[in-house]
Amino acid sequence: MQHLVSIISAPWPWYIAGALIGLTVPTLLLIGNKTFGISSNLRHLCAACFPSNISFFKYDWKKEAWNLFFVGGIIVGAFMATYLLANPQPIIIHPSLQADLTQLGITDFNHLLPNELFSFKALFTLRGFILMVVGGFLVGFGTRYANGCTSGHSIMGLSNLQWPSLVATICFMLGGFIMTNFILPFILQLK
Amino acid sequence: MSLIEQKNISTEKIATHNNATVKENNFHLLKYSIVGIVFGIVFVKAEIISWFRIQEMFKLQSFHMYGVIGTAVVVAALSVALIKKFKIKTIGGEAVVITNKPFTKGNIYGGLMFGLGWAMTGACPH
């Protein structure tokens, strides 16, 4: 039993996680004809809370209520994993990434995110504000503009051989490479 | 006028992730929450929402994220192909319908914006 708990609380390998995520697609299709996606919920929430007179928010969001239930479950599952199945060890990080970050004063390697960058306190620093608020805006606006995120495009769309999803996925990766390698080094130097 | 109508129709198509013809009450919708719980546990336990893992992916320092996404796509694609080939029905007996993804320029501009934000926050929108 102790052994089982330690296996579950250690970080899960990519093939287990990948297989489980992949299986979400047929599960949703077969239990209720639902196409896998997460980021549409941003739109459903807006349409439900402030429909105003915007045509983008005029549609039958109640028909998509299943997606809100799905995301509600993801949040519950994430809390369960964080508080009940927490990994007692610090996160294992590539040594050169760790060295780069340590040089920039980022030394919290105990959680999924470094506390120095993502915390309520960091929100009031230029660096934290840019990462959380500007980054959050780019993720939120970008995913709706692109009509899908890594779930809807890269997993659902690619598995259904949709070429627009391949275009979107290439752009996700391109944006990520540009940010991480050319822009983020400057942002991380800000105080 | 016709242009506006067409636009409305196309956004209507985009919004649909639900191809079931039967209406489900809130109790039935809970089954999606259960799938979500499993999914949420995987996201945290496999560190897919870790800022460090995303940094390693874009610095080509770790195979982890490529392995996760690659395996997920292969497993999902095989499942979709099997469902189509054998015309597997839903548990409610309906034919499976998958919404197509129409191409828009947003796939490019929005995709780039999402990628920039993904590398900053280390998170997809969940």
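Couple of notes before you dig in:
- Inter-chain neighbour count for A:40-52: the average number of beta-carbon atoms from partner chains within 10 Å of each residue's beta-carbon is 1.
- With all protein chains modelled, accessible area of A:I54 [1.4 Å, Å²]: 80
- For B:K105, the lysines whose Cα falls under 17 Å of its own Cα, not counting residues fewer than eight places away in the same chain, are B:K7, B:K13.
- Between A:S119 and B:A20, the modelled label-to-label distance comes to 4.3 nm, taking each label 7 Å out from Cα in the direction of the beta carbon.
- Per residue, chain B exposes an accessible area of 49 Å² to a 1.4 Å probe, with every protein chain left in place.
- Eligible lysines near B:K89 by straight Cα distance, threshold 16 Å, same-chain separation 8 or greater: A:K34
- Among B:F52, B:T104, B:V42 - extreme Cα towards positive end, dipole of the range B:22-121, charges at beta-carbon: B:T104
- In the calculated pair-distance distribution of the range B:22-121, the portion above 18 angstrom amounts to 69 percent of the Cα-Cα pairs.
- A:F182 contributes about 140 Å² of solvent-accessible surface, heavy atoms of the protein only, 1.4 Å probe.
- Taking a straight line from the alpha carbon of A:K191, these aspartates and glutamates sit under 17 Å away, with near neighbours fewer than eight places off in the same chain left out: A:D100, A:D108, A:E116.
- Shown is the FRET efficiency for B:K105 and A:V76, computed with R0 = 41 Å from the Cβ-Cβ distance and rounded to the nearest 0.05: 0.65.
- Based on the reciprocal of the average 1/r between different C-alpha atoms, the Kirkwood radius for the range A:117-191 equals 13.6 Å.
- Charge context of A:V76, other residues only, Cβ under 15 angstrom, K/R +1, D/E -1: +2
- Volume per residue for the protein assembly as shown equals 149 cubic angstrom (convex hull of Cα atoms).
- What the Cα convex hull of the range B:44-98 gives, in volume per residue, is 107 Å³.
- With Cα atoms, 0 to 90° folded angle of helix B:26-45 axis to chain B main axis: 20
- Helix axis angle, B:2-15 relative to chain B longest principal axis, alpha carbon, degrees: 70
- More than 20 Å apart - percent of Cα-Cα pairs taken over the range A:1-86: 51
- Relative contact order for the range A:78-153, counting Cα pairs under 8 Å that sit 6 or more residues apart, in percent: 16
- Phi angles across the range A:133-141 convert, under the Karplus curve 6.51 cos²θ - 1.76 cosθ + 1.60 with θ = phi - 60°, into 3J(HN,Hα) values of 7, 5, x, x, 5, 4, 5, x, 5 Hz, Gly and Pro given as x.
- Taking the chain by itself as reference, the range A:102-134 contains these residues with an accessible-area loss of 50 Å² or more in the full protein complex (1.4 Å probe, heavy atoms): A:L112.
- Too-long pairs where the Cα-Cα distance tops 31 Å, listed order kept, from B:K45/B:K87; B:K23/B:K101; A:K62/B:K101; A:K58/A:K121; B:K59/B:K84; A:K121/B:K45: B:K45/B:K87; A:K58/A:K121; B:K59/B:K84
- Take A:H3: with every protein chain present and a 1.4 Å probe, its accessible area is about 130 Å².
- When only Cα pairs below 8 angstrom with a gap of at least 6 residues are kept, the range B:22-121 shows a relative contact order of 20 percent.
- Simple spin-label estimate for A:D60 and A:C46 in nanometres, 7 Å along Cα-Cβ: 2.2
The values are calculated or read from the model by the stated rules, or taken from the named source; none is laboratory data. Just so you know, these numbers come straight off a predicted model, no measurement behind them. Positions of Cβ are backbone-derived with ideal geometry, glycine not excepted, and every protein chain shown enters the neighbour counts. Note: accessible area is taken over every heavy atom of the protein model, side chains too, but ligands, DNA and RNA are not part of it. Shrake-Rupley method; radii C 1.70, N 1.55, O 1.52, S 1.80 Å.
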